[in-house]
There are 2 protein chains.
Amino acid sequence: MSTTGSARPLRADARRNRERLLQTADAAFGEHGVEASLEQIARSAGVAIGTLYGHFPSRAALAAALLRERHDELFARGDSLPGERVALDALTEWMRLVAAHAAAYHGLAEFLGRGLEDENSELHADCTRLAGITERLAGQAREAGALGAHVTGADVTAVISAVSWTGEQTSPGQAERLLALAVRGMTTR
Amino acid sequence: MSTTGSARPLRADARRNRERLLQTADAAFGEHGVEASLEQIARSAGVAIGTLYGHFPSRAALAAALLRERHDELFARGDSLPGERVALDALTEWMRLVAAHAAAYHGLAEFLGRGLEDENSELHADCTRLAGITERLAGQAREAGALGAHVTGADVTAVISAVSWTGEQTSPGQAERLLALAVRGMTTR
DNA sequence: CCCGGAAATCGAGGGTGACTCGGGATAATA
DNA sequence: TATTATCCCGAGTCACCCTCGATTTCCGGG
């Protein structure tokens, strides 16, 4: 059930190319956002465009591979948070973590949002997982009486997305202010 | 200093084409968002691509023309709001109005955001105006003691953008929930 | 009514990018 | 070394953006 271990290992040249593509793509996404030119990425990696598509059949597949480790770390963190802190602290920390993660590539917030809707996206599983963790932490905060009874997991997910997007559009500082403000709006006083 | 009245009136065929382009563009933007294909718009309007560029040198110019009336209405509304209601009501009504406006075309929230940053954008004046009205209403709500003293006009603008974007990404209902939550976070209790 | 020139239109053309696919190259294995 | 499954290459197709010189169309004056 793991994403990693499937059929035969890759041929040596294939493994090399895949690695170079990932490195190059990370740099390109970092600089130009998730909509960076795939042809340029292939070129920079010293590989033909067909090779890129051979390894990653879609932009989402490439992004998913790129985010794999990062996401696993995030999931682990999200799973361990409930034990470490008061429910509300855990939730806000989680929101901050996800928002910081989304800041990796410009456009990532929207990209992840699409991944959550589109069941066929290579990112769907990851996005569902993220939403699930959010839901859980929100539920615990609600049960602890820290969150308004009417605040849903979807609300918190929306806040996280909106904050991430704001970070891209304006500045991290403005995003942080929005986050604080939203948390204040969700909590009981 | 007005945008409207400048040099000679358009030639008859030019006026006709311009009108058809605007109609077609409105439909296309409505269906496919502000990034709809300009070539397709020209084609649907029964006009060559060069003609479109003749009338509207950039996508932003086309959008600006398309939003002209809508914006003037919005500005008028925003200017009259302070007299009509309690400061906080006026502000939240304004936020709702702008968010509803941004729902006209998918991608408009981000588009307007760019227009606010980019001084050369054909939308810059409009966006600045929007932000100005927001600032004013926010200031009055703050002075009335309804808004937290630390809440800036930029914060409110960010909230409006984020709410608009959320409406595009998820649903109007979710956007409304985010708005309510944000207002709760900005107000004194 | 016709004509000259300003105004407007046309659309080929140059660039960029997504994505496909069949032939050729190459690494692994016997 | 020979075989073959695997992998890579990149030209080709299509869509889109945007420019610009050639051409057409309108319009006001003679």
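All Cα-Cα distances of chain A, cut into 5 Å bins from zero to the largest, leave 1, 8, 15, 18, 17, 14, 10, 7, 5, 3, 1, 0 percent in each bin in turn. The mean number of partner chain beta-carbon atoms within 10 angstrom of a residue's beta-carbon across peptide A:171-181 is 4. Here's how it looks for residue A:147: its modeled amide H is under 5 Å from those of A:142, A:188, which are all 5 or more places away or on a different chain.
The angle between the Cα long axis of helix A:59-84 and the longest principal axis of the Cα atoms of chain A comes to about 30 degrees, rounded to the nearest 10. Could you work out how far helix B:108-117 tilts from the main Cα principal axis of chain B, as a 0 to 90 degree angle to the nearest 10? For B:108-117 against chain B, the angle is about 80 degrees.
Shape summary: the range B:43-144 maps onto an equivalent ellipsoid whose semi-axes, from the alpha-carbon gyration tensor, are 32, 13, 10 Å in decreasing order. Counting Cβ atoms of other protein chains within 10 Å of each Cβ in A:106-113 and taking the mean gives 2. Principal axis extents of the C-alpha atoms in the range B:12-57 (largest first, rounded to whole Å): 29, 16, 16. Its DSSP H runs of at least 4 residues, each contributing -39,500 (n - 2.57), put the calculated 222 nm mean residue ellipticity of chain A at -24000 deg cm²/dmol, to the nearest 500. Using a/c under 1.5 as the rounded threshold, could you call the range B:122-189 rounded, prolate or oblate? The axes a ≥ b ≥ c are square roots of the C-alpha gyration tensor eigenvalues, and prolate needs a/b larger than b/c, oblate otherwise. Judged from the Cα gyration tensor, the range B:122-189 comes out oblate (a/c at least 1.5, b/c at or above a/b). For residue B:40, the label point sits 7 Å beyond Cα toward Cβ; its separations from the matching points on the remaining copies run 2.4 nm, from shortest to longest. Using θ = phi - 60° in the Karplus curve 6.51 cos²θ - 1.76 cosθ + 1.60, the 3J(HN,Hα) couplings for the range A:17-23 round to 4, 4, 5, 4, 4, 5, 4 Hz; x is entered for Gly and Pro.
Counting only other chains, what is the mean number of Cβ atoms within 10 angstrom of the Cβ of each residue in peptide B:148-161?
Details: counts 2, 0, 3, 2, 2, 0, 5, 5, 1, 2, 11, 7, 0, 7.
Average neighbour count from other chains, rounded to a whole number: 3.
Please give the contour-minus-distance gain from residue B:69 to residue B:26: 0.36 nm per residue of separation, less the Cα-Cα distance, rounded to one decimal in nm.
Working: separation 43, 0.36 × 43 = 15.48 nm, distance 1.26 nm.
Length gained, residue B:69 through residue B:26: 14.2 nm.
The eigenvalues of the Cα gyration tensor, multiplied by 5 and square-rooted, give the protein assembly as shown an equivalent ellipsoid with semi-axes of 38, 33, 15 Å from largest to smallest.
Calculation over all alpha carbon pairs of the range B:1-86 in 5 angstrom steps from 0 returns a P(r) of 3, 13, 21, 22, 14, 11, 7, 5, 3, 1, 0 percent.
Read-outs: derived from the displayed coordinates by stated rules, not from any lab. Because the structure is predicted, anything quoted here is derived from the model rather than measured. So basically every Cβ, Gly included, is an ideal-geometry build from the backbone, and we count neighbours across all protein chains shown.
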